[in-house]
1. Quick one: of the DSSP bridges fully inside the chain, what percent are antiparallel, nearest 5?
2. Quick one: in the range 2-151, what % of C-alpha pairs are over 18 Å apart?
3. Can you tell me the order of 159-171, 32-44, 304-316 when each peptide is scored by its average per-residue count of other Cβ atoms within 10 angstrom, highest first?
4. Using all alpha carbons of the range 1-64, what is the percent of pairwise distances in each 10 Å bin, ordered from the shortest bin to the longest?
5. Taking Cα atoms, how many degrees apart are the long axis of helix 195-209 and the longest axis of the chain, rounded to 10 and kept between 0 and 90?
6. Where does the chain land at 222 nm, in deg cm²/dmol rounded to the nearest 500, when only DSSP H runs of n ≥ 4 count, each adding -39500 (n - 2.57), divided by all residues?
7. Compute the long axis of helix 85-101 from its Cα atoms, compare it with the longest principal axis of the Cα atoms of the chain, and write down the angle in degrees, 0 to 90, nearest 10.
8. Would you kindly give the portion of the calculated P(r) for the range 210-254 that falls above 14 Å, as a percent of all Cα pairs?
Ligand code: BES
Ligand code: MN
Ligand code: ZN
């Protein structure tokens, strides 16, 4: 979708649809003037409760030549008090979904004018970009008639110039491109997004954004002793890989922030195979990797003044004669031995080697991993929040605040030492799976054994990476979770 900016008066602007925000409990000037031009039609809708301005409601009406805009899209903003960026984002997402349903490809919007904060423009623009996403690469029928958005015109208030607006919109577009990349990677099936595909994507990002990229292939992983990552990949025809992307936006002496993303391109469970029902969703088990790649792309496009290293351990977890199996003992890169009690607890294995690698090779200032790690996290938090654990309260609080600002909510779970009891093995230092109790936390506790004193946070995105129902800013399917959170963390306080 192309974005245009204009300082035109909304009432004089010619467009297929003019989007205006409406409060439940307060009028606004634009609404009143439009109502006047439409002989009181909007007031009538309100008195009849056909459109009340409640959140998550929209109403499209034709203006029949009474306004230069062919249609008006009324978008509910809820109560005026407490209107924040997230509500604005969602309103914009709802708006584009209503426009898509009516097949209106170009529109002008004034939604941001309703916001009080100084990031209202970004929020409304972001909501529209995120809400207009669709993934239909594999639908071959009626390609020509398929709906595509063409142009969104942001009508600016007096206080902001087109030039300044343009800069702010371009930054928002850069972030949303990162989110779209993450969504695309998760949406593609496992026979397309293989470990090699993720590596090729990273290389392509590196060329486009002047990042440096290195992909460690199987022989190097073996030589280095990344045996946990190698073990998980053994049952697959696609070899495991470690992808390392570096972005330098700060001075050479600044220690980087390491972002580590779980890249299981398909999780069958391996020898401890999963039940068949719903197994297809396990193509999304590389959503952590997708978030890291999307963030690297956005950070580079935004030229953020930070050093970053993105690390993606990637493998396909399959059952096979060569596959790793329950009872096996593995010597991880850190030297700690791990008894395999369940081959379906593979994410923590590829991550433990990647975390150790990140820590020892980069001495990062902080390390954040993202992983669709446990079904238990979905049980605990559903699809409303990412589960977060870590060893540094300041980092955790910063991530919570970033989540609050960008609307990607995170919720902290405890990591008390007692949780470690479940991960003790009779034969090795650790086992990779305990009982079902506290499953999300015991997985986090396992990872903690590999980060040493490095400041670290773990994000379990099992419940937030994929949605079974459409949301205002994310159609059903891949959400691209993590990209906006990390960018917000990296740019914020
Ligand atoms: N990839 C899964 C976790 C998952 C579940 C992600 C549902 C998204 C939606 C992970 O590898 C896994 O299988 N975890 C096991 C761990 C258990 C064997 C200790 C789980 O959660 O059941
Ligand atoms: Mn698994
Ligand atoms: Zn998995």
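Bear in mind these aren't lab numbers, they're just calculated from the coordinates by the rules spelled out. The structure presented is a predicted model; accordingly, all values stated were derived computationally and were not measured. All Cβ positions, glycine included, derive from the backbone under ideal geometry; neighbour counts span all protein chains shown.
1. Of the beta bridges lying entirely in the chain, close to 40 percent run antiparallel.
2. Tail of P(r) above 18 Å: 56 percent of Cα pairs.
3. By packing density, highest mean first, the sequence is 304-316, 32-44, 159-171.
4. 17, 53, 26, 4
5. Tilt of helix 195-209: around 60 degrees.
6. So the helix-based figure for the chain works out to -11000 deg cm²/dmol.
7. Approximately 70 degrees, to the nearest ten.
8. Tail fraction, whole percent: 56.
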